[in-house]
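Just so you know, all these numbers are worked out from the coordinates, no wet-lab data involved. Everything numeric in this text was worked out from a predicted model, so none of it was measured. Using ideal geometry, Cβ is built from the backbone for each residue, glycine included, and neighbour counts are taken over all protein chains shown.
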Amino acid sequence: MSKTSTKIEKHPSKKQSQNITPKIDLHKKYKGFKLTTIPEQYRGTWYRGDPYSKKATKLVITTHTFNGSVTYQKIDHNLKLDHNSEKQNKEYAGNAVMITTDNNFLKERGFLDTVDMVYKLGKFKGEDCLLMSYGTNPKAINGVAFKDKQAALKYRKYDFSKIK
């Protein structure tokens, strides 16, 4: 009686995560909105530190894009947006956000979102930064994005809510 051995080959299971970036279409039209330009002082690559890792997240702002989403300004002030509307969820789908700038603040949100992300230029310990807040109180600082990646990593565990 001969023994035959079966050898099972194991293939390494490498998950290849592909970051598929949606195509940016600066010519797409949305009812009640027009393409808008982000003020120059906000443009560039900013970095935000993560307190739970030693990596910094990029925030890329260009002339007409905010982190890969095309920027629009609401021009029809009678347009009522409803995040519960199935029709509007289809109509306003895509990689687009609306922005407004006033009082040295840049406010950004999805068309059907109910809360703004608010960005204000500032300095923290001598470093250029964007002070970030969300919700109804733009004076409450929830995070900071730095122009310098090393500064973002250095202050990644800092409690920015202490900033007044």
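Give a residue-ordered list of calculated ³J(HN,Hα) values for the range 150-157 (Karplus: 6.51 cos²θ - 1.76 cosθ + 1.60, θ = phi - 60°; whole Hz; x for Gly, Pro).
5, 5, 4, 6, 4, 9, 5, 9
Rounded to whole Å, give me the distance from the Cα center of the range 95-116 to that of the range 136-164.
19
How large is ³J(HN,Hα) for each residue in the range 124-141, as worked out from phi by the Karplus curve 6.51 cos²θ - 1.76 cosθ + 1.60 (θ = phi - 60°), to whole Hz, x for Gly and Pro?
Rounded to whole hertz, the list is 10, 6, x, 9, 5, 8, 10, 7, 10, 9, 9, x, 8, 10, x, 8, 7, 8.
Through the Karplus equation 6.51 cos²θ - 1.76 cosθ + 1.60, θ set to phi - 60°, convert the phi angles of the range 64-71 into ³J(HN,Hα) values in whole Hz; use x for Gly and Pro.
Once θ is set to phi - 60°, the couplings for the range 64-71 become 10, 10, 10, 6, x, 9, 6, 9 Hz.
Near ASP76, within a Cβ-to-Cβ distance under 10 Å, what is the net charge of the other residues, with Lys and Arg +1 and Asp and Glu -1?
+4
Could you state the principal axis extents of the C-alpha atoms in the chain, from the largest down, to the nearest angstrom?
Over the chain, Cα extents along the principal axes are 88, 46, 27 Å.
Rounded to the nearest 500, what is the 222 nm mean residue ellipticity of the chain from helices alone, with -39500 (n - 2.57) per DSSP H run of 4+ residues and division by all residues?
It comes out at -1500 deg cm²/dmol, rounded to the nearest 500.
Using 19 Å as the Cα-Cα cut-off, could you pick out the over-long pairs in LYS28/LYS147; LYS125/LYS147; LYS58/LYS154?
LYS28/LYS147
Kindly put MET98, MET132 in sequence by how many other C-beta atoms sit within 10 Å of each C-beta, fewest to most.
Values: MET98 24, MET132 20.
Result, fewest neighbours first: MET132, MET98.
Among ASN103, ASN137, ASN95, which one shows the biggest mean-square fluctuation in a GNM of the chain, springs joining Cα atoms closer than 10 Å?
Checking each option, the largest mean-square fluctuation is seen for ASN103.
Could you order peptides 108-114, 48-54 by the average number of other Cβ atoms within 10 Å of their residues, highest first?
Top of the packing list down: 108-114, 48-54.
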